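Since the structure comes first, as structure tokens, the remarks are kept for the end.
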Amino acid sequence: MPQYTWKVILVLSDGENDFGRVNKGTRAFGLIVPNFPPLNINAPWRNFRVTVDQVETLTGYDFFSQIGAMTELLIEKRRDRL
């Protein structure tokens, strides 16, 4: 079993041309959930939110590399608070 379960989320409104709708205000965040004790299966998922950059460091993947470099930099380092 892996030590962590992770996910990366990019929140887009409905529409066409996904790449064209991503901008510096686009909401993006990651989740990193530990798979080792003490496990709190009743904890809200929001407790595990991290930046996309943190998931990239953990996994070695480069998410959202197909969007503009400055936009990618901004949305990947932002910590989600919603």
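Read-outs throughout are calculated quantities, based only on the coordinates presented, and are distinct from any laboratory measurement. In this text the structure is predicted, and so the values were computed from the model without any measurement. Note: ideal-geometry Cβ built from the backbone for every residue, glycine included; neighbour counts use all protein chains shown.
With a simple spin-label model that places each label point 7 Å from the Cα along the Cα-to-Cβ direction, the separation between K24 and S65 comes to 2.5 nm. Computing FRET efficiency as 1/(1 + (r/R0)^6) for R81 and N17, where r is the C-beta to C-beta distance and R0 is 22 Å, gives about 0.20. Each of V8, V52 was scored by other Cβ atoms within 10 Å of its Cβ. Arranged with the fewest first, they read V8, V52. All Cα-Cα separations within the chain were binned at 10 Å from zero, giving a P(r) of 17, 46, 27, 9, 0, each value a whole percent of the pairs.
If the segment from I9 to N35 were pulled out straight at 0.36 nm per residue, it would be longer than the present Cα-Cα gap by 7.4 nm.
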